[in-house]
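What follows is a single structure, written as structure tokens, with notes after it.
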Amino acid sequence: MRLLLLLGAGTLGGYLAQLVRLPGGAAVGALVAAAAVSVAFGGRPVAFPRGLDFAALVLVGVSLGATISREALAGAANLIVPALLLLAVLSA
């Protein structure tokens with residue numbers, strides 16, 4: 001039952017955040033709403049049915065991958081050196 005409540009809260013939170021054009025709205029809104037409901041109802045972790053978390057990650061990956069264009073990849077090539085420098089600084 002808590003799982004359905006969390007899924008409903010996450011869906012509503014994601015929708016509302018998208019509606020107000022919050023950056024990363026669907027993900028951020030779902031996360032905040034689900035966290036708020038989880039804490040409000042005891043803060044105990046909820047066990048997801050086996051494979052549901054994997055399927056959700058696959059869907060997110062596919063939706064992000066589908067937005068990549070050749071132009072985006074060409075622009076990303078210019079970011080390799082700064083990204084590696086940032087990684088080195090943050091890892092130190």
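The values are calculated or read from the model by the stated rules, or taken from the named source; none is laboratory data. This one's a predicted model, so the numbers in the text were calculated from it and none came from an experiment. We place every Cβ from the backbone using ideal geometry, glycine too, and count neighbours over all the protein chains shown. To get the accessible areas, we keep the full protein, side chains included, count just its heavy atoms, and leave off ligands, DNA and RNA. Shrake-Rupley method; radii C 1.70, N 1.55, O 1.52, S 1.80 Å.
Annotations
Residue by residue, here is whether (1) basic (Lys, Arg); (2) open to solvent by less than 80 Å² (accessible area, probe 1.4 Å); (3) modelled with pLDDT of 90 or more holds:
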residue: GLY13; (1), (2), (3): no, yes, yes
residue: VAL37; (1), (2), (3): no, yes, yes
residue: GLY65; (1), (2), (3): no, yes, no
residue: LEU86; (1), (2), (3): no, no, yes
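- If the condition is being loosely packed, with under 10 Cβ neighbours inside 10 Å and in a loop (DSSP other than H, G, I, E, B), then segment 67-84 contributes THR67, SER69, ASN78.
- Tallying residues that are part of a loop (DSSP other than H, G, I, E, B) and open to solvent by less than 60 Å² (accessible area, probe 1.4 Å) within segment 42-63 yields 4.
- Exactly one residue out of ARG70, ARG50, ARG21, ARG2 is touching a residue at least 24 places away in the same chain (Cβ under 8 Å) and of a type in the set (D, E, K, R), and it is ARG2.
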